[in-house]
Amino acid sequence: MPKVRPPTKHDAPALGSVHVRAWQKAYRGGLMPDSYLEGLTATERTQMWLEGLQRDPRPRFSRFVVEDDDGVVVGFIMVGPASGDPASEAGEVYALNVDPDVWRGGFGRALLNAGTGALRQAGFGEAILWVHPDNRRARSFYEAAGWSSDGEKRFEEVLGVEVPEVRYRRLLAE
């Protein structure tokens with residue numbers, strides 16, 4: 001049974017590793033440049049996570065990790081106001097990543113439920129997220145969870161790489 005909880009600074013090494021492994025598996029083969037993916041290091045991502053976890057989350061922002069049965073962190077989600085705008089009426093899933101070794105094990109669903117629950121509790125009536133248009137696995141995952149594409153597209157710089165994205169929406173009302 002996945003255990004979801006807020007992260008601590010002690011989770012930074014596991015989060016750095018999950019971040020790199022998930023990206024290298026999910027985005028290889030043309031979704032992001034392979035040379036970029038091969039250059040990702042857990043050490044750099046661990047430092048990024050450590051810096052982020054040392055700051056308190058801003059109001060209406062939440063972050064969670066999920067552990068496997070052995071207490072190992074295998075995924076994370078970050079949510080908050082759409083586009084980071086505190087005045088936004090919509091929430092957003094900024095990132096959801098799970099270690100590829102445990103894909104399809106319920107960890108992503110547990111994180112998504114925690115994230116959308118936090119958005120609902122923060123007062124958002126709907127949520128958005130952005131996903132690479134060719135990431136079929138992620139799109140199927142979100143669609144199975146009740147999200148649907150609204151047709152909006154953009155190019156976004158994601159940690160130094162321009163990435164095409166399509167927007168998904170979901171009402172959060174119970």
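Values quoted throughout were computed directly from the atomic coordinates according to the rules given, and no laboratory measurement underlies them. Quantities reported herein were computed from a predicted structural model and do not represent experimental measurements. Cβ coordinates were reconstructed from backbone atoms using ideal geometry, including for glycine residues, and neighbour counts include every protein chain displayed.
Rounded to the nearest angstrom and listed largest first, the equivalent-ellipsoid semi-axes of the stretch 3-171 from its Cα gyration tensor are 22, 20, 16.
A straight Cα-to-Cα reach below 26 Å connects Lys153 with the lysines Lys25, residues fewer than 8 places away in its own chain not being considered. Taking a point 7 Å from the Cα of Glu162 along the Cα-to-Cβ direction, the residues of the stretch 20-35 with backbone N closer than 18 Å to it are 30-35. Straight-line reach from Lys3: which aspartates and glutamates have a Cα under 13 Å away, not including same-chain ones fewer than 8 places off? Once the sequence-local aspartates and glutamates are set aside, what remains near Lys3 is Glu67, Asp68, Asp69, Asp70. Please identify, among Tyr94, Tyr142, Tyr27, the residue showing maximal mean-square fluctuation in a Gaussian network model of the chain using a 10 angstrom Cα cutoff. Fluctuation is largest for Tyr27.
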